[in-house]
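Take a look at the structure below.
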Amino acid sequence: MVELPIILMELANMLVFIIVVLALNLMAGYAGIPNLGMALFVYIGAFAVAGLSVRFAIILVNILNPDFIEMMRVTPPYKYAVGESSILDIILFKVTDPAVNRHLVPELNSIIGDSIPLSIMILTFILASAIALGATLGLIVSFTAVRLREDYLAIVLLAFSEMLVQVFFAQVDWVAGGRYNTWALTPWPQKLSQSLGNLLPSGVKPELFIGLIVAIILAITTLIYTERIANSPMGRVLRAMRDDDLALTSYGRDIAKIRLKVMMVGSSIAALAGVVYVLSVQPVVKATDYTRVTWTFIPWAMMILGGIANNWGVIIGAVIVYIGRKLIEILAPPAFTTILSLIGVEVTGATIDIVKAVTVNILVGVIIILVLYLKPEGIVPEKPSKTLPRKTLNSLIEKFRGSSS
Amino acid sequence: MVKINQVTDVILEVNKVSKYFGSLKALDDVTLALPRGKITLLIGPNGSGKTTLINVISGVLSIDSGSIIFEGRDITRLPPHDRYKLGIVRSYQIPRLFQGLSVLENTVVGKDGNPGEGMIYGLLKRIWYNYEKSSIEDALAKLLFLNLIHLHDRRPGELSGGQMKLLELSRSIMATKPKLILLDEPAAGVNPVLAKEIMSMIRNIRDELGITFLIVEHRLDIAIDYADYAIGMHLGRVIAQGKPKEVVEDPKVIESYLGG
Ligand SMILES: Nc1ncnc2c1ncn2[C@@H]1O[C@H](COP(=O)(O)OP(=O)(O)OP(=O)(O)O)[C@@H](O)[C@H]1O
Ligand SMILES: [Mg+2]
């Protein structure tokens, strides 16, 4: 029997993928921007809740309590790691040091949790900075997008994302923890957690429950947003841009501007998905965990399977691939262990991890190839943008057709 | 030979324009003028540079030397979408249709200025609904005229070659306030009866709205009666311009078609 907390966490995780795939679908499915850099945008949201907002929080706490950082120099356990560092040094470089971070974040969390205004300020900062970072990266990317052909752009985005996440953020320790774990803030007021704690079934942590609620709200908001855009004149012009951008410029549209807007919006949504992932599923943030397979290729497989440029379709794709992946991760290791033990090979924990990773990679590859080969439009094909109610449109069409006979 | 710009009010001037593809000179020092509110026919054998001329006027291709003046304004460096905003609209010889859009949607996209085309405004249905509805009515009227209305929900991939050309045409006559429409073989692959109807529709648009047309058309028997002026090209050069009959009968033009 699977326990309730695990089910809730998987649900939150699946909702995160739904948000990511809706954002990807907006950029790639509708607008035709081959975003192979999704992992970067999701990661940057995670960074906003962890490395970045911890700095904001420590400054804020130090303003309310001016000795806070001073005291770190003399108080164990901080003093061993902080030593004689200046305040600026501490804020910039020490907060992500694992020796400081793992004590500091719980302490900040309890200070934040005690004050509702502080909670609100921190939460606002997290959301605003995730949106700002996502939008800025989207802006940078869209400048390259103007200059490059689609296939080159895809490769450039993949390289850009890998370089920043797997090299810069993963190797430069002070920015976001680098090779070490950093902890994310949990900006919820203690009162809320306590009263929820009494209501929730045992074993379900209030943070998980609140995270799940946030995931549900963001997923629904994203779906409503993308559906309304898809069924507006904007959705139609995005699909036209995807199909033939040169023809669209001949009809007066500034495609550089359209790409810029879509990239800024889509990347911000992906960054918010990263925030939700950290708040509900994984509070320990480490850049190397944000792999291209999990956060770029899997969302692409979800989108292609569900149906490019169909929001409901890609949600179906997300659910299927998510569940498929879980099943494979559960079933593949014992299957391999059994097979290998038949030929007398002993299986270690490290082998199990490789088996999981490899089978998931194979799953992604097989889905993409099979769907593109057998049913390129996916499970739910693209539909015209429904700008007018069907009845209104049909009666207009009838009016004109009637006048022809 | 009468030069057009000596005759009448000029909407567009092409001055000493050259365009190379590698070492091939697709436009060779081309100078010409289009009279406002008239239909000008652009003729010439295959590869003579007609499409290239439309590409450089609409801004799809940049030029290597020379200048292009539209209503007294130098538009040589303007990108295509800005030229469209000034009123220069074009169609493509090989249709460039939006393959994922329905026939009706392809036509509607031809009209710009929809207030709903924004990542935020798109959400505000009440600000774009009326514009959208009238765009769709407009598009349906075009599709009705071009015998495409029964195909309104099809994708371009399901159309015949002639129908694709008609759809390409339907988009270019959707523009809100066009001044100069460049049509690259609008009736290629279309039956002669409909082709003549298209030419007479173009003449009606010219009469009603005073729009200027530059039309590439190989079938002179169909087009010549509707044209006010003609320009003959050969090997990237303008070899004749003036009244349609004179241009068609010009020995250099005849020779270019015969000699290739
Ligand atoms: N993008 C291109 N790259 C290289 N050469 C080109 C390109 N476009 C056109 N050309 C060449 O330029 C010359 C003029 O071509 P263009 O298409 O303008 O001729 P055209 O008069 O429209 O011919 P047609 O009647 O066949 O449409 C031809 O020799 C053609 O091969
Ligand atoms: Mg041509």
Next on the checklist: Within 10 Å of each candidate Cβ there may be at most 14 other Cβ atoms; applying that plus a DSSP loop requirement, which chymotrypsin sites (Phe, Trp or Tyr not before Pro) in segment B:101-173 survive?
Outcome noted: none
Checklist entry - For the pair A and B, how large is the buried accessible area, both sides, in square angstrom to the nearest 100, if the probe is 1.4 Å? => result 3900
Checklist entry - Any idea of the accessible area per residue across segment B:79-227, 1.4 Å probe, to the nearest Å²? => result 37
Checklist entry - What residues qualify as long-range amide H neighbours of residue B:44, i.e. H under 5 Å apart, gap of 5 or more or another chain, H built at 1.01 Å from N? => result B:233
Checklist entry - Where does segment A:313-365 land on Rg(C-alpha)/(2.2 N^0.38 Å)? => result 1.32
Item to check | Three-way shape call for segment A:291-385 based on the alpha-carbon gyration tensor, with the a/c threshold at 1.5 | outcome: prolate
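Let me know the shape class of segment B:140-260, please: from the alpha-carbon gyration tensor, a ≥ b ≥ c as square roots of the eigenvalues, rounded when a/c is under 1.5, otherwise prolate if a/b is greater than b/c, or oblate.
Note, shape of segment B:140-260 comes out prolate.
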Item to check | Reach of residue B:179 by Cα under 17 Å, taken over lysines that are not fewer than 8 positions away in the same chain | outcome: B:38, B:85, B:111
Checklist entry - Considering chain A, what Rg and Dmax in Å follow from its alpha-carbon atoms? => result 23.7, 91
Checklist entry - What pairs from A:261/A:356; B:165/B:243; A:399/B:165 go past 29 Å between their alpha carbons? => result A:261/A:356
Checklist entry - Sequence-distant or interchain residues sharing an amide H contact under 5 Å with residue B:90, placed H: which? => result B:182
Checklist entry - What's the average, rounded to a whole number, of partner chain beta-carbon atoms within 10 Å of each residue's beta-carbon in B:117-127? => result 6
Item to check | Low-density loop cleavage sites - GluC sites (Glu not before Pro) in segment A:117-214, where at most 13 other Cβ are within 10 Å (DSSP) | outcome: none
Next on the checklist: Please compute the modelled spin-label separation between residue B:24 and residue A:155, points set 7 Å along Cα→Cβ, answer in nm with one decimal.
Outcome noted: 2.7
Checklist outcome for this item: Membrane-span-like helices (DSSP H runs, Cα span along own axis at least 27 Å, mean Kyte-Doolittle at least 0.5) in chain A -> A:4-24, A:116-147, A:206-230, A:255-280, A:311-342, A:349-374
Next on the checklist: Suppose we compare each residue of segment A:219-238 in its chain alone and in the full protein complex with a 1.4 Å probe; which ones drop by at least 10 Å² of accessible area?
Outcome noted: A:225, A:228, A:229, A:232, A:233, A:234, A:236, A:237
Checklist entry - Per residue of chain A, what 222 nm ellipticity follows from adding -39500 (n - 2.57) for every DSSP H run with n ≥ 4, rounded to the nearest 500? => result -22500 deg cm²/dmol
Item to check | Listed residue (A:96, A:169, A:132) projecting farthest to the positive dipole end of segment A:73-201, Cβ model | outcome: A:96
Checklist entry - Which percent of Cα-Cα pairs in chain B sits in each 10 Å bin, short to long? => result 7, 29, 35, 21, 6, 1, 0
Checklist outcome for this item: Net charge (Lys, Arg +1; Asp, Glu -1) of residues whose beta-carbon lies under 15 Å from that of residue A:267, residue A:267 excluded, is +2
Checklist entry - Counting other Cβ atoms within 10 Å, which chymotrypsin sites (Phe, Trp or Tyr not before Pro) in segment A:143-187 have at most 16 and lie in a DSSP loop? => result A:180
Next on the checklist: Out of the total accessible area of segment A:291-385 (probe 1.4 Å, heavy atoms of protein only), what percent is carbon and sulfur?
Outcome noted: 77
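Which value, in debye to the nearest 20, describes the size of the charge dipole of chain A about its Cα centre when Lys and Arg Cβ atoms bear +1, Asp and Glu Cβ atoms bear -1, and nothing else is charged?
Working: 30 positive and 26 negative charges, 276 e Å.
Its charge dipole is roughly 1320 debye.
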Checklist entry - Averaged over A:253-262, how many beta carbons belonging to a partner chain fall within 10 Å of each residue's beta carbon? => result 3
Checklist entry - At what distance in nm do the modelled label points of residue A:293 and residue B:64 sit from each other, each positioned 7 Å from its Cα along Cα→Cβ? => result 5.2
Checklist entry - If the cut-off is 21 Å between C-alpha atoms, which lysines fall inside it for residue A:94, apart from same-chain ones fewer than 8 positions away? => result A:79, A:286
Checklist entry - Between residue A:120 and residue B:207, how many nm apart are label points set 7 Å from Cα along the C-beta direction? => result 7.0
Checklist entry - If you add up the charges near residue A:291, with Lys and Arg at +1 and Asp and Glu at -1, over every other residue whose beta carbon is less than 15 angstrom from its beta carbon, what do you get? => result 0
Item to check | Shielding by other protein chains, B:143-155, mean Cβ within 10 Å | outcome: 2
Checklist entry - Accessible area per residue, 1.4 Å probe, Å², for chain A: what's the number? => result 44
Next on the checklist: Below 12 Å, Cα to Cα, which aspartates and glutamates can residue B:177 reach? Residues fewer than 8 away in the same chain don't count.
Outcome noted: B:112
Checklist entry - What base-10 log of the normalised intensity I(q)/I(0) is obtained for segment B:97-175 from the Debye formula, alpha carbons as equal point scatterers, at q = 0.11, 0.12 Å⁻¹? => result -0.28, -0.33
Next on the checklist: How long are the semi-axes of the equivalent ellipsoid of segment A:166-222, defined as square roots of 5 times the Cα gyration tensor eigenvalues? Whole Å, largest first.
Outcome noted: 31, 16, 10
Checklist entry - Within a Cβ distance under 14 Å of residue B:222, other residues only, what is the Lys/Arg minus Asp/Glu net charge? => result -1
Next on the checklist: Leaving out ligands, DNA and RNA, and with a 1.4 Å probe, what % of the accessible surface on segment B:97-175 is carbon or sulfur?
Outcome noted: 54
Checklist entry - Could you give the length gained on full extension between residue A:372 and residue A:351, defined as 0.36 nm per residue of separation minus the Cα-Cα distance, in nm? => result 4.4 nm
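The values are calculated or read from the model by the stated rules, or taken from the named source; none is laboratory data. The shown structure was predicted, so the numbers you read here are calculated from the model rather than taken from an experiment. Counting neighbours? That spans all protein chains shown, and the Cβs are built from the backbone with ideal geometry, glycine included. These area figures cover heavy atoms from the full protein model, side chains too; ligands, DNA and RNA do not enter into them. Shrake-Rupley method; radii C 1.70, N 1.55, O 1.52, S 1.80 Å.
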